[in-house]
Amino acid sequence: CLDSEGKLHEFGSQWRTDDCNDCSSSRDGIHCCSSYATPVDYDKEKCESIFNKETCSYKVVEKDNHSKECPVHSWVG
């Protein structure tokens, strides 16, 4: 199978893309889904979400002080 970047993958193989998607290939084609959850229910006036591409995860922190994490009440993934 050829992925969207033109890389060849064997049937039954699994990999993670540079965009943090987990993919697998089979005779039916390539299937991908995000490997991370996205925060959706937090105080957006006081806090902001920051995506870390190295860990494929979000962190929600105070806008004025990134060392303080904010509570997240709901995630989607």
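The values are calculated or read from the model by the stated rules, or taken from the named source; none is laboratory data. Quick caveat: nothing in here was measured; it's all calculated off a predicted structure. Note that we place each Cβ from the backbone using ideal geometry, even for glycine, and neighbour counts take in every protein chain shown. Remember, those area values only see protein heavy atoms, side chains included, never the ligands or the DNA or RNA. Shrake-Rupley method; radii C 1.70, N 1.55, O 1.52, S 1.80 Å.
Among the listed residues Lys63, Lys53, identify the single one that is of a type in the set (Lys, Arg) and over 16 Å from the mean Cα position of the chain (by Cα). Spell out how you get there, then give the answer.
Numbers: Lys53 fails: over 16 Å from the mean Cα position of the chain (by Cα).
Lys63 is the lone residue from the list that is of a type in the set (Lys, Arg) and over 16 Å from the mean Cα position of the chain (by Cα).
Filter the strands (runs of 3 or more DSSP E) completely within the chain down to those with at least 1 residues that are touching a residue at least 40 places away in the same chain (Cβ under 8 Å) and in contact with a Ser or Thr (Cβ under 8 Å, 6 or more places away or on another chain). Even if it seems obvious, please write down each step before you answer.
Values: elements: 14-16, 21-26, 29-34, 38-41, 47-52, 57-62, 74-76.
Here the list reads 14-16.
So Arg27 fits all but one of (1) modelled with pLDDT of 95 or more; (2) loosely packed, with under 10 Cβ neighbours inside 10 Å; what number is the exception?
That leaves (1) as the condition not met.
Restricting the search to the range 6-16, which residues are open to solvent by less than 100 Å² (accessible area, probe 1.4 Å) and modelled with pLDDT under 90? I'd like the intermediate steps shown before the answer.
First, pick out the residues of the range 6-16 that are open to solvent by less than 100 Å² (accessible area, probe 1.4 Å): 6, 9, 12-13, 15.
Of everything in the range 6-16, those that are open to solvent by less than 100 Å² (accessible area, probe 1.4 Å) and modelled with pLDDT under 90 turn out to be Gly6, His9.
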